[in-house]
Amino acid sequence: MNRLFIIGTTLIIIGFIVIIIGSILPVITMPSKPSEKTEVGVGGCIVIMFIPICFGYGKPEIMTPLIIFSLALVIILSVIYIIMTRKIITLSVEKK
């Protein structure tokens with residue numbers, strides 16, 4: 001199998017595991033006293049190519065770290081894309 005295919009599949013599986021753990025963890029750590037006031041916030045970021053689409057609900061303080069995270073993710077993905085493109089171009093030139 002191709003090494004990149006294995007890495008991609010592994011990252012997808014790890015992503016699903018993180019989502020499952022993230023949805024189960026609040027239920028496990030839920031306080032036993034229902035009288036306590038609990039504030040909930042949620043946020044997410046979907047990256048399509050190099051365009052981050054971020055969303056959030058809850059306090060506005062959650063959006064600043066989310067935007068910073070999405071910008072860092074876009075920079076990392078851009079660097080990976082450049083490295084992969086150079087590698088593909090180098091391999092195609094070597095084959096000729």
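Within region 76-89, is even one residue modelled with pLDDT of 75 or more, surrounded by 10 or more Cβ atoms within 10 Å (Cβ to Cβ) and of a type in the set (Lys, Arg)? Yes.
In the set Ile21, Ile48, only one residue is surrounded by 10 or more Cβ atoms within 10 Å (Cβ to Cβ) and at pLDDT 75 or above; that residue is Ile21.
The values are calculated or read from the model by the stated rules, or taken from the named source; none is laboratory data. The structure displayed is predicted, hence computed values, not measured ones. All Cβ positions, glycine included, derive from the backbone under ideal geometry; neighbour counts span all protein chains shown.
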